[in-house]
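The values are calculated or read from the model by the stated rules, or taken from the named source; none is laboratory data. This is a predicted model, so every value here is computed, not measured. We place every Cβ from the backbone using ideal geometry, glycine too, and count neighbours over all the protein chains shown. In case anyone asks, the SASA skips ligands and DNA or RNA and just uses the protein heavy atoms, side chains included. Shrake-Rupley method; radii C 1.70, N 1.55, O 1.52, S 1.80 Å.
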Amino acid sequence: MDRSYSFFVTGTDTEIGKTLTSSALLHAFGARGLRTAAMKPIAAGAEYRNGVWCNEDAEFLAQAANVALPTALTTPYLCQEALAPHLAARQDGIHLEIEQILQCYATVAQAANCVVVEGVGGFQVPLDDHYDTADLARALKLPVVLVVGLRLGCLNHALLTAAAIRANGLSFVGWVANQIDPAMRYVDENMATLRVRFEQQYSAPLLGKIPHLESPSAATAALYLNIDPLLALCAERL
């Protein structure tokens, strides 16, 4: 299978809509006839159900994909506590190994021609005393889609994240605006600021704006996305 249809989804912070956006991307790619698979390599926060530990985000992603795979592959590290990854892993007595995630990704990529890998937290979250999620993104060598949670302060977070993506030698290929604060003022003006800068500095187009949804779903969120720029990028790399 062609891995060029795979993407790494990061965000300006935690709880800003990475999972919803990743699921929407999976739904949109699936609607174009691609075999889609999801990865949430590191998930922190789990509920014990029917004899197994489950993570809500990982389950949401799996439901949006059309290729079913074992959780051991799609989420090799599932920590019980909803903490920063290195702290949650420490609580569980495990060590987060980037090489293990790469091995799982290689297997997942053989089963699908579109893999959406969702990061954890923001772009540069510690995994241990030496490595962070930027190292993971760099090891995966995937184009990056940035989710910007629309709220006061998002401009600074978005610009810093974009700069960090580029500084790590990765391709910043597009961004999604997600309105997590329905009362945010001057939304269009904030988006326009980012749109100009991201297009001028990185040639990264706006892929869509997901409004504040009362009942979020992958199918509904996908209605607000335009994945044509990502498909065109993949076609160029064939």
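Just one of the numbered conditions (1) assigned to a loop (DSSP other than H, G, I, E, B); (2) of a type outside the set (Val, Ile, Thr); (3) within 13 Å of the chain's Cα centre (by Cα); (4) more than 19 Å from ALA43 (Cβ to Cβ) is not true of GLY174; which one?
(1)
Give me a count of the residues in segment 143-171 that are part of a loop (DSSP other than H, G, I, E, B) and either closer than 14 Å to GLU15 by Cα or under 19 Å from the mean Cα position of the chain (by Cα) (or both).
Of the residues in that region, 7 qualify.
Within segment 2-55, track down each residue that is crowded, with 22+ Cβ neighbours inside 10 Å and among the hydroxyl-bearing types (Ser, Thr, Tyr).
Those that are crowded, with 22+ Cβ neighbours inside 10 Å and among the hydroxyl-bearing types (Ser, Thr, Tyr): TYR5, SER6, THR10, THR12, THR19, THR21, SER22, SER23, THR36.
For segment 121-131, which residues satisfy the criterion of being open to solvent by less than 30 Å² (accessible area, probe 1.4 Å), at pLDDT 95 or above and closer than 20 Å to ALA163 by Cα?
The answer is GLY122, PHE123, VAL125.
Which one of ILE94, ILE101 is assigned to a loop (DSSP other than H, G, I, E, B) and in contact with a Phe, Trp or Tyr (Cβ under 9 Å, 6 or more places away or on another chain)?
ILE94
On the given criteria, is PRO70 out of contact with any Ser or Thr (no Cβ under 7 Å at 6 or more places or on another chain) and under 23 Å from ALA218 (Cα atoms)?
yes
Yes or no: MET184 within 17 Å of LEU150 (Cβ to Cβ) and not in a helix (DSSP H, G or I)?
yes
From (1) modelled with pLDDT of 95 or more; (2) buried (at least 19 other Cβ atoms within 10 Å of the Cβ), pick out the condition that doesn't hold for ASN168.
For ASN168, the failing item is (2).
For a quick check of your reading of the model, give me the residue pairs whose first member lies in segment 102-120 and is in contact (Cβ under 8 Å) with a residue 60 or more places away in the chain, whose second is of a type in the set (Lys, Arg), with beta-carbon atoms closer than 7 Å and at least 6 apart or on different chains.
Note: pairs meeting the criteria are ALA109/ARG3; ALA112/ARG35; ASN113/ARG35; CYS114/ARG35; GLU118/LYS18; GLU118/LYS40; GLY119/LYS18.
Here are the criteria: (1) over 19 Å from GLU118 (Cα atoms); (2) open to solvent by less than 50 Å² (accessible area, probe 1.4 Å); (3) assigned to a helix (DSSP H, G or I). Tell me which single one LEU213 does not satisfy.
It is condition (3) that LEU213 fails.
How many residues are among the β-branched types (Val, Ile, Thr), closer than 11 Å to PRO41 by Cβ and in a loop (DSSP other than H, G, I, E, B) when one looks only at segment 104-139?
Within segment 104-139, residues that are among the β-branched types (Val, Ile, Thr), closer than 11 Å to PRO41 by Cβ and in a loop (DSSP other than H, G, I, E, B) number 1.
Please specify each residue of segment 192-206 satisfying the condition of being within 20 Å of ASP228 (Cβ to Cβ), open to solvent by 90 Å² or more (accessible area, probe 1.4 Å) and assigned to a helix (DSSP H, G or I).
The answer is ARG195, and nothing else.
Considering VAL187, VAL173, which residue is of a type in the set (A, V, I, L, M), over 22 Å from ALA137 (Cα atoms) and open to solvent by less than 50 Å² (accessible area, probe 1.4 Å)?
The unique qualifying residue is VAL187.
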